[in-house]
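Mind looking over this structure? Questions follow.
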Amino acid sequence: MTDGRPRVPGHRRILMFAALAIASVVAACGGDFPQSSLRPLSDVAREIDSLFRGIFWWAMAVLVVVEGALIVAIIRFRERPGAPKPRPVHGHTLLEIGWTLAPAIILIFIGVPTMITLWRIDRPPERSEVRVEVVGHQWWWEFNYPDLGITTANELHVPVGKTVDLRLRSADVIHSFWFPRVAGKRDLVPGRVNQLWFTPDSVGVYPGQCAEFCGTSHALMAMRLHVEAEEDFERWAEQQLREAVEIEEAGDPLVSVGRDLFFGAGGCISCHQIRGTVAAGVLGPDLTHVGGRETIAAGVLENTLDNLAFWINEPHEVKPGNLMLDMGLTDEQARHVAAYLLSLE
Ligand code: HEC
Ligand SMILES: [Cu+2]
């Protein structure tokens, strides 16, 4: 028995284990959890959440009964010196009917609400107040508002209390659109158009991300949902509809040099669009109002001068494998271009 190591007594070990288990459970209850589907903020998210909670309690009941029986069996029928072997149960009709019927009944209580919820959230929405076409790209999100004529990237703006009707498709591989607090996941499948809708009920900014592995930088394919009061949404939409307006800082030389680089030697216009200018590329995000975004590169960097300049020169440092090319600008040139882009609010 002894191997020279000091032995921790059995009950001390159980205590230590229990303390560890309690600590991890308690630790899991703190924090902000901006991406928890357990704190739903839309009609659809609430339906999914209440289905989940129902299933959770059935699963708990099964756990308690099964594990309880197991523990009782282990203790009562454990081997003891001199004790006779426990008698096996065989051909007990009542027991057999019981353990066939009980799971069947539980499955009905889980299956019926699941089907009802699936049908409800899968049918087209009753109202379709804001229509958005979502296109998944490796590794960013394009958002088009066909009724409003707006195109933007990675930051989805919607008015609170209105039903948002999304059509999802992909430009390359399978992605999955997921804002945990407002809607379930929905895949973006090449060659198909999928639908997803939800009615957000709380103003705020909520993070989301691609939920289907889609290549090297899949983990860097985030997005943000801005749920706004109606007036704020309208103001945003009006701003987006304008052609590119530089918020000219009284002839800021950074900006004008940056503009020349963007349209000239930088080569940026081969992939990016700025409405109202000759830049009409479609491979990368529309940059008409890029200065008004909070983040760049699909939620990966805050939209600041430093970050923009870094991104322009080292897009693959930030996001390995992404399709943007390093156009070989100097650090100073990159800062000029960044200043120009920031001026595009
Ligand atoms: C070969 C095509 C290509 C060229 C050339 C190119 N880009 Fe990009 N750009 C992209 C792609 C693709 C993305 C999206 C990358 C991602 O997030 O995965 C992107 C993203 C960006 C973003 C982030 C936009 C956002 O909303 O997240 C900025 C800013 C940007 N590019 C600026 C530039 C500038 C400035 C130049 C010229 C120096 C340039 N790009 C040249 C393809 C290109
Ligand atoms: Cu993806």
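Can you find a residue that is under 26 Å from HIS175 (Cα atoms), in a loop (DSSP other than H, G, I, E, B) and free of Cβ contacts under 8 Å to residues at least 24 places away in the same chain anywhere in the stretch 122-139?
yes
Can you find a residue in the stretch 296-307 that is more than 11 Å from ligand 1 (Cβ to nearest atom), surrounded by 16 or more Cβ atoms within 10 Å (Cβ to Cβ) and either charged (D, E, K, R) or outside the structural domain of LEU220 (by TED's automatic domain parsing) (or both)? If you could, list the steps in order and put the result at the bottom.
Restricting attention to the stretch 296-307, the residues satisfying the condition of being more than 11 Å from ligand 1 (Cβ to nearest atom) are 302, 304-306.
Adding the requirement that they be surrounded by 16 or more Cβ atoms within 10 Å (Cβ to Cβ) leaves none.
Among the residues of the stretch 296-307, not one is more than 11 Å from ligand 1 (Cβ to nearest atom), surrounded by 16 or more Cβ atoms within 10 Å (Cβ to Cβ) and either charged (D, E, K, R) or outside the structural domain of LEU220 (by TED's automatic domain parsing) (or both), which makes the answer no.
In the stretch 322-336, which residues are within 9 Å of ligand 1 (Cβ to nearest atom) and in contact (Cβ under 8 Å) with a residue 24 or more places away in the chain?
Matches in the stretch 322-336: ASN322, LEU323, MET324, LEU325, MET327, LEU329, GLN333, ALA334.
Here is a follow-up. Quick one: CYS29 ticks every box in (1) within 30 Å of VAL182 (Cα to Cα); (2) hydrophobic (A, V, I, L, M, F, W, C); (3) in a helix (DSSP H, G or I) bar one, so which box is it?
Condition not satisfied by CYS29: (3).
Among the aliphatic types (A, V, I, L, M), out of contact with any strand residue (DSSP E or B) (no Cβ under 9 Å at 6 or more places or on another chain) and either surrounded by fewer than 12 Cβ atoms within 10 Å (Cβ to Cβ) or not in a helix (DSSP H, G or I) (or both): does that describe LEU38?
Values: among the aliphatic types (A, V, I, L, M): yes; out of contact with any strand residue (DSSP E or B) (no Cβ under 9 Å at 6 or more places or on another chain): yes; either surrounded by fewer than 12 Cβ atoms within 10 Å (Cβ to Cβ) or not in a helix (DSSP H, G or I) (or both): yes.
So LEU38 fits the description; yes.
Would you please name the residue that is farthest from ligand 2 (Cβ to nearest atom), looking only at residues in the stretch 203-218 that are within 14 Å of LEU323 (Cβ to Cβ) and surrounded by 19 or more Cβ atoms within 10 Å (Cβ to Cβ)?
SER217
The values are calculated or read from the model by the stated rules, or taken from the named source; none is laboratory data. Predicted model only: the values in this text are computed from it and were never measured. Every residue, glycine among them, receives a Cβ derived from its backbone with ideal geometry; neighbour counts consider all protein chains shown.
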